[in-house]
Amino acid sequence: MNKLSYDRKMPLYVVSALVLNIAFSLWLLSIASTTSMVFSVCMLFLISTLITARLYRHEMAQSKNNLSEAIIDGVAGFIVLDSQLRVIQVNQQFSRVSGYAFNQVESRPISDLCFMNNSSLISTITHSLKENHRWKGELSGVSRLGEQFTVNVVVEKLTEILPHNNKYVVTFTDISRRKVLEHRLRMLVDTDSLTGCWNRRRFDKDLNHYSNLAERYGYTHSCLALIDLDHFKAINDNHGHDQGDSALKEVAELLRNNSRDTDIVARVGGEEFAILMPETNLAEAFEAMYRLKEVIAKGTTLNLTVSSGVSEIQAQAEATYRSADKALYRAKGNGRNRVCSSSSSSSSSSGSGSAAAIVLG
């Protein structure tokens with residue numbers, strides 16, 4: 001018998017017990033021959049009724065406690081804090097997510113919790129609790145077992161629910177799986193399936209972002225480089241498309257491994273790659289692309305060469321791309337295996353400009 005059905009049948013049990021008490025008492029009264037016996041029967045009936053009522057109240061209270069515990073230990077994590085924001089109670093979900101048992105966090109300040117160990121965060125939460133008696137946010141942490149997790153957290157003062165109560169309650173929902181799925185989906189949408197670089201869609205988004213910054217502030221400290229594999233059609237014709245795919249993967253890996261963490265490497269065409277270089281002037285971008293050209297020439301199976309065109313990022317993304325593309329075209333027209341940089345004012349709509357430099361292989 002499950003708990004729910006037992007709770008529903010409890011009133012029936014009580015009524016049955018009372019009926020039996022009444023029937024038994026009436027039978028005793030029918031055979032009672034003296035006043036003292038009648039009194040005794042009445043007292044027996046009263047006592048048995050009181051005992052039945054007491055048992056009923058106890059069972060119902062126990063049922064409510066079991067329900068409360070089930071809710072507390074349910075899907076949501078649950079932490080109770082005292083007025084000094086120290087832990088005085090947690091539920092099983094907290095232990096499942098964090099890896100810490102209650103005795104390991106009891107009386108510890110909230111800042112010791114694995115997803116709140118940040119002084120600026122605690123300051124923000126404390127201020128919000130003083131002003132609004134509530135704070136809500138998304139936090140990440142690492143469990144005692146070394147597993148990363150993400151939770152939606154709400155911190156509230158219990159005076160909002162129970163007057164004159166200075167305790168706080170923290171509830172959180174584990175959204176780690178959702179975050180992993182969202183990340184995978186973003187990767188599928190933004191990543192080139194062959195090379196693992198960002199795809200043209202993501203590249204256009206990032207280029208527009210830096211162009212918007214250039215338009216807003218009137219200057220740019222970032223550059224765009226376009227890289228094209230030399231004689232790639234001959235690779236496919238002479239070695240097959242599988243070897244051509246392998247060549248693209250090799251170049252992509254070399255570009256990623258030899259660029260800065262802040263640089264954005266994307267595949268924007270069949271054999272064409274792009275690198276967005278934030279906080280980089282034209283001379284620095286030119287030197288970086290020359291080094292990458294040398295790395296690719298020495299580090300690929302088929303001794304591949306590349307041609308590159310470099311441009312400052314302008315206020316219009318299309319103008320920036322055209323400027324870098326013209327520099328790339330100039331590098332290929334001058335014999336390939338070269339880097340050309342094109343300088344143009346940020347206000348130019350055509351992206352035209354003179355060649356600042358041509359580096360021979």
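The values are calculated or read from the model by the stated rules, or taken from the named source; none is laboratory data. Just so it is clear, the model here is predicted, and its values are computed rather than measured. Ideal geometry is used to build each Cβ from the backbone, glycine not excepted, and the neighbour counts take in all protein chains shown.
Does Arg108 satisfy the condition of being touching a Ser or Thr at 6+ places or on another chain (Cβ under 9 Å), charged (D, E, K, R) and modelled with pLDDT of 90 or more? No.
The number of residues in segment 124-177 being part of a strand (DSSP E or B) and not acidic (Asp, Glu) comes to 23. Could we say that Thr191 is without any contact (Cβ under 8 Å) to a residue 12 or more places away in the chain and surrounded by 13 or more Cβ atoms within 10 Å (Cβ to Cβ) here? Judged against the criteria, Thr191 is a match. For first residues located in segment 78-96 and without any contact (Cβ under 8 Å) to a residue 24 or more places away in the chain, partners that are part of a helix (DSSP H, G or I) and lie 6+ apart or on another chain with Cβ distances below 7 Å form the pairs Val90/Phe102; Val90/Val105; Asn91/Ile72. Looking at the structure I just gave you, is Tyr329 under 34 Å from the mean Cα position of the chain (by Cα), closer than 12 Å to Leu226 by Cβ and part of a helix (DSSP H, G or I)? No; evaluated as a whole, the condition is false for this residue.
Just one residue in the set Val306, Val310, Val295, Val359 is touching a helix residue (DSSP H, G or I) at 6+ places or on another chain (Cβ under 9 Å), modelled with pLDDT under 95 and either crowded, with 18+ Cβ neighbours inside 10 Å or farther than 20 Å from Leu213 by Cβ (or both); that residue is Val359.
Condition check ((1) out of contact with any Pro (no Cβ under 6 Å at 6 or more places or on another chain); (2) surrounded by 16 or more Cβ atoms within 10 Å (Cβ to Cβ); (3) not hydrophobic (A, V, I, L, M, F, W, C)) across all residues:
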site	(1), (2), (3)
Arg202	yes, yes, yes
Tyr210	yes, yes, yes
Arg216	yes, no, yes
Ser222	no, yes, yes
Ala225	yes, yes, no
Asp228	yes, yes, yes
Gly240	yes, no, yes
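Those residues that are assigned to a loop (DSSP other than H, G, I, E, B) and touching a strand residue (DSSP E or B) at 6+ places or on another chain (Cβ under 6 Å), I need them from segment 86-100; list them, please. Matches in segment 86-100: Asn91 only.
Considering Ile235, Ile275, the condition of being crowded, with 20+ Cβ neighbours inside 10 Å, in contact with a strand residue (DSSP E or B) (Cβ under 7 Å, 6 or more places away or on another chain), in contact (Cβ under 8 Å) with a residue 40 or more places away in the chain and among the β-branched types (Val, Ile, Thr) is satisfied by Ile275 alone. Residues that are modelled with pLDDT of 95 or more, assigned by TED's automatic domain parsing to the domain that holds Gly299 and assigned to a helix (DSSP H, G or I): does segment 257-270 have at least one? Looking through segment 257-270, at least one residue is modelled with pLDDT of 95 or more, assigned by TED's automatic domain parsing to the domain that holds Gly299 and assigned to a helix (DSSP H, G or I). Filtering segment 266-275 to residues that are over 10 Å from Leu226 (Cβ atoms) and in contact with a Ser or Thr (Cβ under 7 Å, 6 or more places away or on another chain) leaves only Arg267. Checking Gly240, Gly244, Gly269 one by one, the residue that is on the phi > 0 side of the Ramachandran plot and not hydrophobic (A, V, I, L, M, F, W, C) is Gly240 and no other. Taking first residues from segment 101-114 that are assigned to a helix (DSSP H, G or I) and partners that are charged (D, E, K, R), the Cβ contacts under 9 Å between residues at least 6 apart in sequence or on separate chains come to Gln104/Arg144; Val105/Asp112; Ile110/Arg86.
Note on segment 98-135: residues that are closer than 28 Å to Val180 by Cβ and loosely packed, with under 13 Cβ neighbours inside 10 Å amount to 1.
Just to be sure, is Thr126 assigned by TED's automatic domain parsing to the domain that holds Gln89, under 24 Å from the mean Cα position of the chain (by Cα) and not hydrophobic (A, V, I, L, M, F, W, C)?
Answer is yes for this residue.
The residue pairs whose first member lies in segment 289-301 and is in a loop (DSSP other than H, G, I, E, B), whose second member is surrounded by 16 or more Cβ atoms within 10 Å (Cβ to Cβ), and whose beta carbons are closer than 6 Å, counting only pairs six or more residues apart or on different chains, are Thr300/Glu250.
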